[in-house]
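The values are calculated or read from the model by the stated rules, or taken from the named source; none is laboratory data. Note that the structure is predicted; figures quoted are calculated from it, not measured. The protein model used for the area step is the full one, side chains on, heavy atoms only, and it has no ligands, DNA or RNA in it. Shrake-Rupley method; radii C 1.70, N 1.55, O 1.52, S 1.80 Å.
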Amino acid sequence: MPFIQEILKYGSLSVVGLEKNCGKTECLNYILNRLPREGRKVCVTSIGIDGERIDQVTSTSKPEITLSEGLLFSTSEKHYRMRNLLSEVVGISEETTSLGRVITSRVIREG
């Protein structure tokens, strides 16, 4: 897995794509499933539409991102309430966005 070994050299990573259905979510899931967890803090955040099961433009189904136990994630209050996993809040931003404050949480049970 030279790809994962290369990623481990860096402190952060962005998965970016300029087109719909170009594999961003599949790439992120691949990375998350193969990253060694020992001694590492991993946090996932998104600036897209979180929790969307059907693409709002193409009306096709979308893959979900699976977060495993111990991972951190940040999302809006609105989307945090819609989560499909058990988690504990570790931080709440003071600023408010159009979707509420930003919640940072640790996954307790995968989802």
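Identify which of the listed values of percent of Cα pairs over 23 Å apart was calculated from the structure shown: [x] 33; [y] 17; [z] 64. Working out percent of Cα pairs over 23 Å apart from the coordinates points to [x]. Across the accessible surface of the chain, with the other protein chains kept in place and a 1.4 Å probe, carbon and sulfur atoms take up 52 percent. Remark: the chain carries 72 Å² of accessible area per residue (probe radius 1.4 Å; ligands, DNA and RNA excluded).
Of 44, 102, 90, the residue with the largest accessible area leads and the full order is 90, 102, 44 (1.4 Å probe). Rolled with a 1.4 Å probe across the full set of protein chains, the surface gives residue 98 an accessible area near 120 Å².
How high is the relative contact order of the chain, given as a whole-number percent (alpha carbon pairs under 8 Å, six or more residues apart)? Show your work: numbers first, answer last.
Values: 142 pairs, mean separation 24.3, N = 111.
In percent, rounded to a whole number, it is 22.
Looking at the chain, the DSSP beta bridges with both ends there are about 80 percent antiparallel. For the chain, the number of Lys pairs with C-alpha atoms closer than 28 Å, counting only pairs eight or more positions apart or on separate chains, is 10.
Tell me what the chain gives for mean residue ellipticity at 222 nm when only DSSP H runs of n ≥ 4 count, each as -39,500 (n - 2.57), the sum divided by the residue total, rounded to 500 deg cm²/dmol.
Details: 3 runs with 21 residues, N = 111.
Using -39500 (n - 2.57) per qualifying helix, the result is -4500 deg cm²/dmol.
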